[in-house]
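Quick notes on the structure that follows.
The values are calculated or read from the model by the stated rules, or taken from the named source; none is laboratory data. Keep in mind it's a predicted model, so treat the numbers as computed, not measured. Methodologically, a virtual Cβ is constructed for each residue, glycine included, from the backbone with ideal geometry; neighbour enumeration extends over all protein chains shown.
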Amino acid sequence: MKRLIGIISVLMATPVWAASFEFVPAPQNDLNRVYRVDRVTGEVGACQYGQKDGSYGVTLCYSAGEGAGPSEPSDYGLVASRHEHEAGVFRVDYRTGAMSICYVFEDHVVCTPSEKAGKQP
């Protein structure tokens, strides 16, 4: 019995390693799209509601395309602008200050190359 309690104690003290995601809605006021970023890898995806073949509705998801795939491990997040006609979001790297714009293009989420504001010469 003591051995079983010891095993259970070790298992309970072991951290659970799971991906940590952040979700942000697109700022466009007539678009029901939600973006997702993996906080560690920066990979971005998106999903939205859609109707298909006379159904009540389906979840349409867009996987990471060009520029939206995994990047160097860091501390990533998403920021939606307050522009009500904007369908994309900013992917931000909280450690470096770099940002890129991510949006749905055709069947994937794509992101621009990351840029960081610096001192002007």
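Structure values in brief
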read-out	value
Selection within the stretch 71-92 - closer than 13 Å to Val44 by Cβ and among the hydroxyl-bearing types (Ser, Thr, Tyr)	Ser71, Tyr76
Answer residue from the stretch 1-39, given it is hydroxyl-bearing (Ser, Thr, Tyr) and more than 30 Å from Ser63 (Cα to Cα) and is modelled with the lowest pLDDT among those	Thr14
Residues that are more than 25 Å from Gln28 (Cβ to Cβ), of a type in the set (S, T, N, Q) and either surrounded by 12 or more Cβ atoms within 10 Å (Cβ to Cβ) or touching a strand residue (DSSP E or B) at 6+ places or on another chain (Cβ under 8 Å) (or both), drawn from the stretch 72-121	Ser74, Thr96
Matching residues in the stretch 107-119 - criterion: being of a type in the set (Asp, Glu) and over 14 Å from Arg33 (Cα atoms)	Glu115
Qualifying positions in the stretch 81-115 - touching an Asp or Glu at 6+ places or on another chain (Cβ under 8 Å) and assigned to a loop (DSSP other than H, G, I, E, B)	Tyr94, Arg95, Ala98, Ser114
Filter result for Gly54 (in a loop (DSSP other than H, G, I, E, B), at positive phi and modelled with pLDDT under 95)	yes
Hits in the stretch 50-64 - residues which are among the aromatic types (Phe, Trp, Tyr) and exposed (fewer than 12 other Cβ atoms within 10 Å of the Cβ)	Tyr56
Residue check, Gly67 among the small types (Gly, Ala, Ser) and either surrounded by fewer than 18 Cβ atoms within 10 Å (Cβ to Cβ) or farther than 17 Å from Val40 by Cα (or both)	no
Within the stretch 38-59, tally of residues that are within 11 Å of the chain's Cα centre (by Cα) and among the charged types (D, E, K, R)	3
Residue within the stretch 49-58 that is β-branched (Val, Ile, Thr) and in contact (Cβ under 8 Å) with a residue 12 or more places away in the chain present	no
Qualifying residue in the stretch 42-49 (condition: under 25 Å from Gly118 (Cα atoms) and touching a Gly at 6+ places or on another chain (Cβ under 8 Å))	yes
Members of the stretch 27-43 that are touching a Ser or Thr at 6+ places or on another chain (Cβ under 9 Å) and not in a loop (DSSP other than H, G, I, E, B)	Asp38
